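This report concerns only the one structure given below.
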Amino acid sequence: MTSIPYTPALAPPETYLNVSYRVRSWLLTADHKRIAILYMISITLFFFVGGAAAVLMRLELMTPQGDLVRAETYNKLFTIHGVMMVFFFLIPSIPAVLGNFLVPIMIGARDLAFPRLNLLSWYLYMIGGCFALGAMILGGVDTGWTFYTPYSSSFSNTNVALTIVAIFINGFSSILTGLNFIVTIHKMRAPGMYWSRLPLFIWSHYATSLIFVLATPVLAITLVLVAVERLLRVGIFDPALGGDPILFQHLFWFYSHPAVYIMILPAMGVVSEIVPCFAHKRIFGYGMIAFASLAIAVLGFLVWGHHMFVSGQSIYGGMIFSILSFLVSIPSAIKVFNWTATLYKGSVDLRTPMLYALGFIGLFTLGGLTGLIVATLAIDVHVHDTYFVVAHFHYIMVGGAVMAYLGGIHFWWPKITGRMYPEWWGRFSAFLIFVGFNLTFFPQFILGYLGMPRRYYAYAAEFQVLNVMSTAGASILGLGYLLPLCYLIWSLFYGKIAPINPWGAAGLEWQTSSPPPTDNFDQTPVVVDEAYAYDKIEVPSA
Amino acid sequence: MNVSFTQSINLAGAMLAQSDGPGPSTQFRLWPQQASHFAVQVDTLMAYLLAVSVFFTLLIFLLILYFGLKYRRRPGHLPQMVPTNYALEVIWTAIPLALVMVMFVWGAALYVHEVEAPRDAMEIQVIGKQWMWKVQHPQGRREIDQLTIPVNQTVKLHMTSQDVIHSFYIPAFRVKQDVLPGQYTTEWFRPTKVGEYHLFCAEYCGAEHSGMIGKVVVMEPGKYQQWLAGSPADLPPAVAGEKLYVQYSCQTCHGERAPTLAGLYLRTSRVLENGQLKSVVADDAYLRESILNPSAKIVEGYPPLMPTYQGQLTEEQIMELIAYIKSLGSAANPREPSTAPQTNAPSGGGQRR
Amino acid sequence: MPDDAAVAGEVARGDDSALTPQQRRAQSRPASAHLVAPRHHRPHVKHQFDTLAQQHEADTLGMWAFLATEVLFFGGMILCYTVYRGVYFKEWHNGSRILDEFEFLGISAGAWNTAVLLTSSLTVALAVRAAQLGRREQLIGLLLATMALGAAFLLIKAMEYRNDYHEGLVPGWPFHPDPRLLEPGVRMRPFELFWSFYFVMTAVHALHMLIGLGLFTYLIVQAWRGKLTREHHMPVEIIGLYWHFVDLVWIFLFPLLYLVR
Ligand code: HEA
Ligand code: HEA
Ligand code: CUA
Ligand SMILES: [Cu+2]
């Protein structure tokens, strides 16, 4: 049997969702699960804002000459797209939604260590988000998400300062989330939950939190300096005023490269939960995967200069950053191989979350391997700032991280909402997203190697065929993203009631009711097993 | 084997790209044109990278498919617990590690080659500004948004920007280099095929970033000479520099109260910086600093007399002055500034001591 | 699903309606985990913690993690400052000299401030001790002393700022320093950059001091109300940690801004 059927009683059990229905009880909640829901709603909003910008961009790029929007508008579109997607969607996506919901439950705690700080994080995030939206509505920003100086500090006459404030505030939200996770994971594990028993989701969130805490402040101070330069006209990064533009790039990437691992590590954590569950096996190489997360977090701090191979930094700098980039890819490779090996001799159930997880593995592999291509010095000289790089990071961030986020949402949806999502629709849209995604971004690899520069709103005529393919793919992809939005909302009202453990999964979160009570557990659980003890759980029927 | 792979792709590309009219080819293709000696080298490396990528992508995709089907969940099929196999872990750490180390060494070696220009290259000056490329040939002819060069001639671009960061990108040559304000960067290549190729600005630089494009025209050397002579040429940079040298009365000091500039280029100077004695190589960056900010490094044994020319000279003028100083010979073969600069063009009539 | 869980499920289904929701949930738990007795609530222990010790450890670790963030925050600034010190040595030298020349009684304001802050670190350390021993009056006294020292620091800083303002050294205000202050060869742009760094760094530091003063006010109110006891003195320790850090930052800033030439 799969699970215990949930039998509605006369008085429905009290859950975190039904303790109170007042708006106040949501907006002033200190419950990590409710805060996770608040985040879920808000990041979805920002995702569609960023997605709408992507749609307009792709429409513009259907023809070589610029005809749909003006050049200035296009520049604002990709800037808002990058800023929204990176800072307000992907960075908070898995940590602040799934992590917030699951970190305490998975380690058997009643809440995060600092619940009110957690709520503050969400408010900071929202304030930052409103500033960013405000900057967009008041006329936009056109610097690209990278804010390269001196363009951003001296030349652009758009709302750079406002956007900087937005990202600055949002940074503190990230820092507080990371801090909360670190303390919670260190100090609030249930009896028996040794480090060696932590689910890999927790390990990857721990690694992510280290980056949150140690990298984000550098971005904050860098942006402050850009703002100071803009407002006071003193030369920090503008050579005309005596500053150094390369210094800005170093500082920016010192944050933003670790930030890409902020985006991928939690996704790897999600996949590490889903794969063993639907293969019904202990994960292969638990120790290696856990260690790889930490290795990525640490090494990730040392490779920032690979974004600057043609910036004019020294040859030796380039070489060191190149070799370190190759080294940091090894832990990722280890993870991919271990996930694949987990399937071996398993009992593989291709449900929606598993489809997403397998999609993640494949697309992340391709994205990561093209990461190696751009990390190769002589090749990057050619493909830097072309669509090759755009394809590389969309493969990892959209094909990888967004897939994992959607997989995680489907996997834990029964736990979060107490309802099942419609399986057929789930599989269908996973398939649609996979197809649409590849059609959108694979042609961009070719475009990039052919030499089409990024951030071009008009391009040479011979690039048109591949661009049209890409736009066609994006429309399928957009549809693929709208579907889950619709059927997941539908399932809130009409979905089947979820049992406690619909997937026959190991892990503490599957041992409390769906949805869990406010305190997560009635009594503190005592852990007696290693993580992924699937040998002790019967295989559910397909 | 790698080369043949590239060639076959190009063959396919060439079959599609039959008739190219004037201007850069607009034919649909899947592999970029190879028009410099770098292109073949970079593409060969790319073929290795693609081979590794295709291999691992297929490996992972196929394994997932195979396992997913073979071990799919069905009644009567039970999973078997497989303990972690550390021998396997070592293997799949070591093999990728070896493969990426090859990537690193190969990529880095080629990169060093790409960065370090040969000494005998023809130097062309490039100034980027929002949103155009200004090019000047050693003989003086100027172009805008176009770079005309003879085939099989090693060319070195000497670049700076007047405002924000740009990037000089020629896909068919596989070369790209950011062009920075307040600094010099260089880029070199040897075109191997006559034709017209795209020139792009690759670093986002504001509204018309995508309009900051042009073409690179590679000609037979003979035609190039014709082309050079074809229009009334501007003064060669070195000659213009000489004029400036006189106009800003550099010669009133240099040679007497100030060190001679003959043979200075690429020589090692002893200078005082922040009160400490140091050796510096007199490269472009140093010459630029000496003119714009003379007090930063004071030549040993001389008083800090020299005024700053910051704000009085345009980027072009600074480049011309430097070209003139270079024309006075390098450390290897010094020449006295009193002789006419080493160009065939009529001398600027400058009076020098 | 393990068998025992299924059994638990059977039981739960037995007679549902007789049980409270909590009991039902507890029974239906498909646990391969044993359960320990419910925790007892104790004063000062927040609901998410089991024991006061756990809460204290969490609070302390939280503050350390926060300080790690702060180190990187100031670190980024100090890095930029140091890079430019190498590039614009003369201007930096000139700036430091001007800063160091603003004196009270023959000792530079920066040195006074260092002394004041070090003393306040001492009073905080003593306050923590007093809190651990549960000496309320002593605690309040020492906290007040710390606040007074903190306020003195800010006052001295404000006087320095005022002086800088009168000498036209505030970037963008506009920046028009008295030419007599300039050493030969000092260029205006980089000189202004020095002052930008000076103001950004000291202002961010002063902001941290202000936050510290706010936190001490909170502590004094708590102590006054008798909320801080021998058992529950953690807030003092943690805020003390923060204050030590703010001192430490100054210990870095002072030589960097005033002394290193
Ligand atoms: C989640 C985000 C994410 C992740 C995880 C990565 C991962 C990696 N990235 Fe990427 N990257 C970005 C997001 C990301 N990147 C973004 C957003 C940009 C552009 C920013 C901008 O300019 O706007 C960028 C740009 C970028 C550049 C600069 C390109 C340029 O501008 O010129 C480089 C260069 O080295 C690079 C390298 C890498 C490498 C080596 C990895 C590695 O960590 C990948 C490791 C993974 C694998 C290797 C795959 C798995 C391995 C196997 C299946 C086995 C086979 C393995 C081997 C043979 C080793 N990335
Ligand atoms: C998490 C990160 C993330 C995500 C998810 C995406 C998602 C997508 N991105 Fe992008 N992208 C970036 C991060 C991301 N991107 C970054 C960092 C840059 C660099 C920016 C810079 O250069 O500064 C970039 C740049 C970038 C470019 C290059 C622009 C240029 O250089 O000129 C392109 C071009 O095709 C693109 C396309 C897309 C597409 C088609 C999607 C699709 O996956 C989006 C699919 C979603 C939808 C389609 C939304 C569905 C909604 C609807 C259909 C409703 C529409 C509603 C209205 C129109 C009202 N992105
Ligand atoms: Cu110049 Cu982009
Ligand atoms: Cu990176």
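The values are calculated or read from the model by the stated rules, or taken from the named source; none is laboratory data. Just so you know, these numbers come straight off a predicted model, no measurement behind them. With ideal geometry, Cβ positions are generated from the backbone for all residues, glycine too; neighbour counts draw on all protein chains shown.
Residue pairs whose Cβ atoms lie under 9 Å apart, sitting 6 or more positions apart in sequence or on different chains, and linking a residue in region A:298-325 that is closer than 14 Å to A:A378 by Cα and more than 14 Å from ligand 4 (Cβ to nearest atom) to a partner that is part of a loop (DSSP other than H, G, I, E, B) and among the charged types (D, E, K, R), are A:V310/A:D385; A:V310/B:E203; A:I315/B:E116. In region A:412-457, the residue that is farthest from the other protein chains (Cβ to nearest Cβ) out of those that are within 16 Å of ligand 1 (Cβ to nearest atom) and of a type in the set (G, A, S) is A:G448. Just give me the residues in region B:202-245 being out of contact with any strand residue (DSSP E or B) (no Cβ under 6 Å at 6 or more places or on another chain), in a loop (DSSP other than H, G, I, E, B), more than 11 Å from ligand 3 (Cβ to nearest atom) and in contact (Cβ under 8 Å) with a residue 40 or more places away in the chain, in sequence order. Hits for region B:202-245 are B:E220, B:S231, B:A233, B:L235, B:P236.
Regarding region B:135-156, can at least one residue be identified that is facing another protein chain (nearest Cβ under 7 Å) and either within 16 Å of ligand 2 (Cβ to nearest atom) or touching a His at 6+ places or on another chain (Cβ under 9 Å) (or both)? Can you show your working first?
Going residue by residue through region B:135-156, those that are facing another protein chain (nearest Cβ under 7 Å) are none.
No: zero hits.
Condition check for C:G172 on (1) assigned to a helix (DSSP H, G or I); (2) surrounded by fewer than 19 Cβ atoms within 10 Å (Cβ to Cβ); (3) not charged (D, E, K, R): one failure, at (1). Which residues, counting only those in region C:114-141, are free of Cβ contacts under 8 Å to residues at least 24 places away in the same chain and surrounded by fewer than 19 Cβ atoms within 10 Å (Cβ to Cβ)? Those that are free of Cβ contacts under 8 Å to residues at least 24 places away in the same chain and surrounded by fewer than 19 Cβ atoms within 10 Å (Cβ to Cβ): C:A115, C:L122, C:L126, C:R129, C:R135, C:E137, C:Q138, C:G141. Look through region B:178-195, keep the residues that are buried (at least 20 other Cβ atoms within 10 Å of the Cβ) and outside any loop (DSSP other than H, G, I, E, B), and return whichever of them is farthest from the other protein chains (Cβ to nearest Cβ). By that ranking, first place goes to B:P191.
If I filter region A:292-318 down to residues being outside any helix (DSSP H, G or I) and more than 16 Å from ligand 3 (Cβ to nearest atom), which single residue comes out as surrounded by the most Cβ atoms within 10 Å (Cβ to Cβ)? Quick ask: steps written out before the conclusion?
Pass one, region A:292-318, residues outside any helix (DSSP H, G or I): A:303, A:308-314.
Of the ones still in play, those that are also more than 16 Å from ligand 3 (Cβ to nearest atom) are A:303, A:308-309, A:313-314.
On the way: A:V303: 24, A:M308: 20, A:F309: 29, A:Q313: 16, A:S314: 10.
Selected residue: A:F309.
Note on region A:458-474: residues that are within 8 Å of ligand 2 (Cβ to nearest atom) and without any contact (Cβ under 8 Å) to a residue 40 or more places away in the chain amount to 1.
Within region B:199-228, being within 16 Å of ligand 1 (Cβ to nearest atom) and charged (D, E, K, R) holds for one residue alone: B:E203.
In region A:142-161, of all residues being under 20 Å from A:I91 (Cα atoms) and more than 10 Å from chain B (Cβ to nearest Cβ), the one that is nearest to ligand 1 (Cβ to nearest atom) corresponds to A:W145.
Of the candidates A:A460, A:A472, the single residue that is at pLDDT 95 or above, away from ligand 4 (no atom under 16 Å from the Cβ) and either more than 14 Å from chain B (Cβ to nearest Cβ) or more than 24 Å from A:F326 (Cα to Cα) (or both) is A:A472. In region C:98-125, of all residues being in a helix (DSSP H, G or I) and over 18 Å from C:I251 (Cα atoms), the one that is farthest from the other protein chains (Cβ to nearest Cβ) corresponds to C:E101.
Being in contact with a helix residue (DSSP H, G or I) (Cβ under 9 Å, 6 or more places away or on another chain) and away from chain A (no Cβ under 14 Å) is the filter here, so list the residues in region B:110-131 that pass it.
Here is the first cut: in region B:110-131, the residues in contact with a helix residue (DSSP H, G or I) (Cβ under 9 Å, 6 or more places away or on another chain) are B:110-116, B:123, B:125, B:127, B:129-131.
Within region B:110-131, B:E123, B:Q125, B:I127 qualify.
Working only within region A:406-442, note down all residues that are charged (D, E, K, R) and not in a helix (DSSP H, G or I). Steps first, answer last, please.
Restricting attention to region A:406-442, the residues satisfying the condition of being charged (D, E, K, R) are A:415, A:419, A:423, A:427.
Hit for region A:406-442 is A:R419, nothing else.
Listed by first and then second residue, the pairs linking a residue in region C:59-80 that is more than 7 Å from chain A (Cβ to nearest Cβ) to a residue that is surrounded by fewer than 17 Cβ atoms within 10 Å (Cβ to Cβ) and assigned to a helix (DSSP H, G or I), with Cβ atoms under 7 Å apart and 6 or more places separating them unless they lie on different chains, are C:I78/C:F252. When residues in region A:39-59 are screened for being closer than 24 Å to A:Y123 by Cα and among the basic types (K, R), 0 of them pass.
Condition check for A:G399 on (1) within 21 Å of the chain's Cα centre (by Cα); (2) away from ligand 2 (no atom under 13 Å from the Cβ); (3) crowded, with 24+ Cβ neighbours inside 10 Å: one failure, at (2). The residues of region B:34-73 that are facing another protein chain (nearest Cβ under 9 Å) and not in a helix (DSSP H, G or I), listed by number, are B:Y71, B:R72, B:R73.
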